[in-house]
Amino acid sequence: MEEKYEAGIELAGTEVKSVRAGTLNLKDSYCSVKEGELFVHGMHISPYEKGNIFNKDPVRPRRLLMHKREIRKLHALVKQDGYTLVPLSVYFKDSRVKVEVGLCKGKKNYDKRSAAAQRDAKREIDRAMKAR
């Protein structure tokens, strides 16, 4: 993770009530920049139980609210190789819903190999300690 940003999110009324109830899932969600606007894709907000026709699609793309210069900066960084925007958490700040967005860089193959080697070494050490 390189940097963290705070963004507002554009939600419908029943979606806010559903978020307050804790029915939000960020698994497999990501952010993208389209036409100068920042969107989050794959965020699942379950339909509000007491809302009927006002419920929106649970996985629809939702617009994130940031300053234009911040969005331009993020778009320039995302266009570079290996960077992506990932929503890290959703929380309330006063009465507003905020999303923490992280600028992340993917691992290279040699990073993955070294992480696997460290994991294997730790496992061997644990086995040796357990055998004593």
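All of the numbers you see were taken from the coordinates with simple rules; none came from a lab. Keep in mind the model is a prediction, meaning the values are calculated, not measured. FYI the Cβ positions are ideal-geometry reconstructions off the backbone, even for glycines, and counts take in every protein chain you see.
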Exercise for review: Hey, could you check the stretch 1-39 for residues that are assigned to a loop (DSSP other than H, G, I, E, B) and small (Gly, Ala, Ser) and say which is nearest to Asn52 (Cα to Cα)?
Suggested key: Ala12
Practice item. Output the residues belonging to the stretch 85-119 that are surrounded by 10 or more Cβ atoms within 10 Å (Cβ to Cβ) and polar (S, T, N, Q). Key: Ser89, Ser114, Gln118
Check your understanding: List, please: which pairs have Cβ atoms under 9 Å, are six or more places apart or on different chains, and start with a residue in the stretch 64-92 that is over 18 Å from Lys107 (Cα atoms) and end with one that is in a helix (DSSP H, G or I) and of a type outside the set (D, E, K, R)?
Key -> Leu64/Ile71; Met66/Leu74; Val90/Val19; Phe92/Val19
**Study point:** Within the stretch 18-36, tally of residues that are more than 15 Å from the chain's Cα centre (by Cα) and surrounded by fewer than 16 Cβ atoms within 10 Å (Cβ to Cβ)
**Key:** 6
Practice item. Answer yes or no: is there a residue in the stretch 41-49 that is of a type in the set (Phe, Trp, Tyr) and either exposed (fewer than 15 other Cβ atoms within 10 Å of the Cβ) or in a strand (DSSP E or B) (or both). Key: no
